[in-house]
1. Please list the non-local residues whose amide H lies under 5 Å from the amide H of T262, H modeled 1.01 Å from N, same-chain partners needing a gap of 5 or more.
2. Protein chains only, probe 1.4 Å: how do R215, R56, R22 rank by accessible area, largest first?
3. Return the long-range amide H neighbours of L330 (sequence gap of 5 or more, or a different chain), with a cut-off of under 5 Å between placed amide H atoms.
4. Report, in listed order, any pair from K184/K283; K209/K346; K184/K250; K196/K385 with a Cα-Cα distance greater than 32 Å.
5. Starting at the first residue of region 203-210, write each ³J(HN,Hα) from the Karplus equation 6.51 cos²θ - 1.76 cosθ + 1.60 with θ = phi - 60°, in whole Hz, x for Gly and Pro.
6. Which cross-chain or sequence-distant (5 or more) residues have an amide H under 5 Å from the amide H of Y377, H modelled 1.01 Å from N in plane?
7. Just from the alpha-carbon atoms, what are the Rg and Dmax of region 114-223 in angstroms?
8. Determine the gain in length on full extension of the stretch E160-N90; use 0.36 nm per residue of separation and subtract their C-alpha separation, reporting nm with one decimal.
Amino acid sequence: MKVQILSRLPPKSLMRFKCVHRSWRALISSSNFAAKHVSASKDNKLSSTATILFKRYALDLSTERRDIVLSLMDLCNDDINRVDDDDNLNIPLEDLYVPLSMEKELFYAIKEFNWLPVSSLALSAVEHKPQGSSTAAVGFGCDLKCEEYKVVRVLYSAREFHDNDIVIHPPRAEVYSLATNCWKEIKVGDLDNGSKNVWPDSTVSICFKGYLYWRGHEDEKEYFDVPLSYTDEDANSGGEETSNFFYEDKERIISFDIESETFHVMRFPNGYYYYHKVFGLWKDSIAVGLSWCADYQCVHIWVLDSNGGAEGSWINCFAIEPTVYIEFQLAFVGTRGQSILVAVDKSVVVLYDYITKKVKYLPVNGVSLWSTQALFYEYSVVSVKGYTDCSDKNLI
């Protein structure tokens, strides 16, 4: 009975309850309890709150240092739909500043940090891309079969220069397991697509039902008669500020099966015609929101059917027509009583309930909103440091 009750409490309360007794601390810190708590959280369909995780870049004008700011915002249904005269949402953000050099190595949960060991593959990737990060994408999720948490990383690869011709080798990838505390290189699968490579466009992934998803693009492996002014940024472009892929059928969705450790690639639904794309959740499925351009204020929601991953197909569900102007969308959710679109309009973040048509503004200072990313986040007691308990089944 004690376990059943505790597994339904929020993680912040459980962290305080660790101080009650040594046995409670051992129970809450065990991997079996963490798995039971995650399962109970998924089954809680009555939750009226959502947590949004913002990833932003802040510039300290005095030192000119550029840091990453991770901000957590707990949002209740009443926060947007509350009847008052104030359009601004005055909810405190819980900020965590991360040095830019630690962006790809640091994971954050329940106030824990785990600086992962450096892999030999990552060290070799630095030689291939000496300027900027050698990491193209990173993701964190759970192997649902054996309840093992893993980190996957996609890395830039070597290039060969022959006079004015350039050959770009396929991406390389590796997986870190919290259970083994080590990295291993894995095959990139569909990322090596014959005469073309498929590269992630965003380091931020969304994890759902044992799969990780990134936005990506398909690009040629060989370039001929490249001008001498060709730079590192001309290859593997297609990043979040790149526009030349919007009018060609090059954009792709990259999925990673955490259990089988395999990559798959699929096309966006009607992706050739849409200017902006963002991942979200709709009921019990992964979804994408597609919009034509900033002047066309309509977001089309497509849902991946129950097959999910590489086997799924897209279903056009509905369209959101915001009653306020938005420049581009960041995230959306349509599950557990939540119906929220997170978007940007110049200097503010817009929170829009697309059922009630209510809107609130979240002023954000000192950061570039064009590089801001957002995800709906689930609190959990899973330790990013892994577990050493082998007999914690006796605790439950």
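1. The answer is D257.
2. Result of the area sort, largest leading: R22, R215, R56.
3. V342, A343, V344
4. Numbers: K184/K283 35 Å; K209/K346 34 Å; K184/K250 30 Å; K196/K385 37 Å.
In this structure, K184/K283; K209/K346; K196/K385 lie more than 32 Å apart at Cα.
5. Listing the rounded values in order: 6, 8, 10, 10, 10, 7, 6, x Hz.
6. T51, I52, L53
7. 14.8, 50
8. 19.9 nm
The values are calculated or read from the model by the stated rules, or taken from the named source; none is laboratory data. All values derive from a computational prediction rather than experimental measurement. The accessibility values were calculated without ligands, DNA or RNA, using every heavy atom of the protein model including side chains. Shrake-Rupley method; radii C 1.70, N 1.55, O 1.52, S 1.80 Å.
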